[in-house]
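Colleague: I am attaching a structure below and will ask some questions about it afterwards.
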Amino acid sequence: MSKKKSEKEHKDKKSAGKKAASKVKKAADSVPQEAVVETAPEPVKPKKAKAPAKAAESPKKAPVFSSEEIALRAYFIAERREKMGWPGDSTGDWVEAERQLLAEAKKKN
């Protein structure tokens, strides 16, 4: 399309917009004052404060067990292991004690 055509179309659109705006203004001026109903503004509702995050949304921390709790459980695991003649060592008993305590804590929650 040539530059002159696009400029002419732009001017035509601009003048058409002005004509439409003047028609709306004339129509608004011709409405009798009795027909105009004023409305009160809607009341503004106060915004509620956001509730704190729920416990389910926040990540739960793993329970912390004392060395004494783990050691006591590991002792009983070792006693049973030796009685049954199963192979193992104290480190494995300690790890198993921690695993059992964590599993029990998860069951309670």
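Just so you know, all these numbers are worked out from the coordinates, no wet-lab data involved. On a predicted model such as this, the values are computed, not experimentally measured, just so you know.
Colleague: Here are some pairs, 50/108; 60/107; 60/106; 50/107; which of them have Cα atoms lying more than 21 Å apart in this structure? Please report the intermediate quantities before stating the final value.
Modeller: Working: 50/108 30 Å; 60/107 14 Å; 60/106 11 Å; 50/107 32 Å.
Over 21 Å Cα-Cα: 50/108; 50/107.
Colleague: Working from the pairwise distances between different alpha carbons, so that the mean of 1/r is found and then inverted, what is region 62-109's Kirkwood radius in Å?
Modeller: Computed over region 62-109, the radius equals 11.1 Å.
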